[in-house]
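Throughout, read-outs are computed from the coordinates displayed, never taken from laboratory work. Because the structure is a prediction, the values reported are computed rather than measured. Methodologically, a virtual Cβ is constructed for each residue, glycine included, from the backbone with ideal geometry; neighbour enumeration extends over all protein chains shown.
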Amino acid sequence: MAAHLDPEDPSIAALPLGEATPAAEVAELAAFLVRGRSRHVTGATTDITAADYVR
């Protein structure tokens, strides 16, 4: 069960996008990576951080 994230929570409000990444977006990336269409993605690091960390 997903925890409710309060947008007024200072740790959430402090993110550059002002919100946490929805679980559905993380699931979409995971689904892409396990399908055959991602066969050329090797040794990559994918950050899902709501722009809190940018390389």
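Things worth noting here:
- Each principal axis of the Cα cloud of the chain was taken in turn, and the coordinate range along them, longest first, works out to 40, 30, 12 Å.
- Label-point separation, residue 17 to residue 52 (7 Å along Cα→Cβ), nm: 1.2
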